[in-house]
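Before any comments, here is the structure.
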Amino acid sequence: MGRRRNWLPLGGFLVTLTAFLSYFFYFAYFPTTRDFPWLNLLLFAAGLVLLGGGLRRAFGQPERYRGRISGPVFAALSVLLLGLFVLYTFSFSRQLPAAAAAPRLGAKAPDFSLPDKDGKEVKLSELLQTEGTRWVLLVFYRGLHCPICRKYTSELNGMIGEFEKRGVATVITSTDPQERAAEAKEKWGLPNLTVGYGVSIEKSREWGLYVSTSRGKTSAGVDEPALFAEPGLFLVRPDKTLYWATVQTMPFARPHFPEILQAIDFVISKDYPARGEA
């Protein structure tokens with residue numbers, strides 16, 4: 001009688017692979033599963049249990065089950081994925097270096113004058129002078145090539161009314177040229193957003209943004225530009241002082257807009273001062 005296939009090691013590896021990828025492409029968008037990735041850790045645990053069962057079969061009953069070679073390979077790959085996941089979520093993501101050129105909190109924010117995707121000029125100073133405006137929220141996204149930016153900006157597009165109720169004028173922009181910005185606005189479904197374009201690399205660095213080089217075509221099927229700015233989010237007061245800023249080195253785990261709304265409500269009700277000024 002021939003030996004039976006041992007599917008448990010492969011199944012365990014696929015579960016751990018799902019645990020790894022699902023965090024970045026799904027669970028990182030929800031605070032309850034992003035801040036502490038308990039669901040992904042449970043998936044990793046389930047995958048390791050399957051792997052353990054498969055290894056016991058392969059080495060405990062070699063006359064009945066295969067897998068003495070593939071089992072350890074899948075186990076090693078799964079442990080590697082778990083190690084990378086733990087390293088990223090509990091170490092790297094909490095130790096992002098500060099951008100050296102980032103504007104200081106409480107200082108005057110760098111002015112900007114940029115065209116939107118229709119060619120109309122948008123100025124920070126004019127937005128701040130608009131009646132009823134208490135803040136300007138400036139969101140830098142990576143560009144048309146970024147699939148995570150599509151979901152992120154769509155979230156903002158659906159909540160723009162809530163920001164307007166609080167007196168927050170919103171602009172999103174990137175280093176993309178006009179045609180790519182227009183394509184993003186149309187294909188991503190962003191009718192409620194002012195979409196700027198053409199931010200220079202020099203101006204990006206003035207805002208303290210990180211800059212990346214092209215790695216070719218992304219999963220969205222769009223080539224990365226030769227140089228482009230990584231994400232950033234800035235909240236500016238009517239006196240043009242910078243109240244809040246966040247910059248990132250990669251597209252994952254950005255601040256989500258429902259949380260930003262809650263923070264703005266708290267700031268307004270408590271007259272909370274800007275922090276990070278020292």
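Read-outs: derived from the displayed coordinates by stated rules, not from any lab. Computed from a predicted structure; not experimentally measured. A quick note on method: Cβ atoms are made from the backbone with ideal geometry, for glycine too, and the neighbour counts reach across all protein chains shown.
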Which GluC sites (Glu not before Pro) does the stretch 200-278 hold that lie in a coil by DSSP with at most 13 other beta carbons within 10 Å?
-> E277
Please check the chain for the longest run free of trypsin sites (Lys or Arg not before Pro) that are loop-located per DSSP (anything but H, G, I, E, B) and have at most 12 other Cβ atoms within 10 Å.
-> 6-119
For the chain: relative contact order, % (alpha-carbon pairs under 8 angstrom, 6 or more apart) = 19 percent
Just add up the charged neighbours of F24: K/R +1, D/E -1, any other residue whose Cβ is under 13 Å from the Cβ of F24.
-> +3
If you place +1 on the Cβ of every Lys and Arg and -1 on the Cβ of every Asp and Glu, how big does the dipole about the Cα centre of the chain come out, in debye to the nearest 20?
-> 1640 debye
Which of the aspartates and glutamates could a cross-linker bridge to K185, judged by Cα under 15 Å and excluding same-chain residues fewer than eight apart?
-> D116, D118, E155, D176
Within the chain, excluding any chymotrypsin sites (Phe, Trp or Tyr not before Pro) found in a DSSP loop (not H, G, I, E or B) and having at most 15 other Cβ atoms within 10 Å, the longest uninterrupted segment runs 27-278
Which of the listed residues, Y65, F85, T33, is farthest toward the dipole's positive end in the stretch 8-94, when Lys, Arg count +1 and Asp, Glu count -1 at the beta-carbon?
-> Y65
Most mobile of A226, A109, A245 per a Gaussian network model of the chain (Cα springs, under 10 Å)?
-> A226
Relative to the longest principal Cα axis of the chain, at what angle does helix 147-158 sit, 0 to 90 degrees, rounded to 10?
-> 50 degrees
Cα-Cα over 32 Å: which of K120/K165; K217/K240; K108/K270; K108/K217; K187/K270; K108/K187?
-> K217/K240; K108/K217; K187/K270; K108/K187
Post the alpha-carbon centroid distance, the stretch 124-163 to the stretch 254-278, in whole angstrom.
-> 16 Å
Helix 70-90: angle to the longest alpha-carbon principal axis of the chain, degrees 0 to 90, nearest 10?
-> 30 degrees
log10 I(q)/I(0) for the chain, Debye formula on C-alpha points only (no solvent), q = 0.06, 0.10, 0.16, 0.17 Å⁻¹, two decimals, reads -0.26, -0.62, -1.22, -1.34
Label the stretch 8-94 by shape, choosing from rounded, prolate and oblate, from the square roots a ≥ b ≥ c of the eigenvalues of the Cα gyration tensor; if a/c is under 1.5 it is rounded, and otherwise prolate applies when a/b is larger than b/c, oblate when it is not.
-> prolate
The summed charge of the R56 Cβ neighbourhood (under 13 Å; Lys/Arg +1, Asp/Glu -1) stands at +3
Given all pairs of distinct Cα atoms, the stretch 153-227 yields a Kirkwood Rh in Å of 13.8 Å
In degrees, nearest 10, range 0 to 90: what is the angle between the Cα axis of helix 8-25 and the longest Cα principal axis of the chain?
-> 0 degrees
Per DSSP H run of at least 4 residues, take -39500 (n - 2.57); add these up for the chain, divide by its residues and hand me the 222 nm value, nearest 500 deg cm²/dmol.
-> -13500 deg cm²/dmol
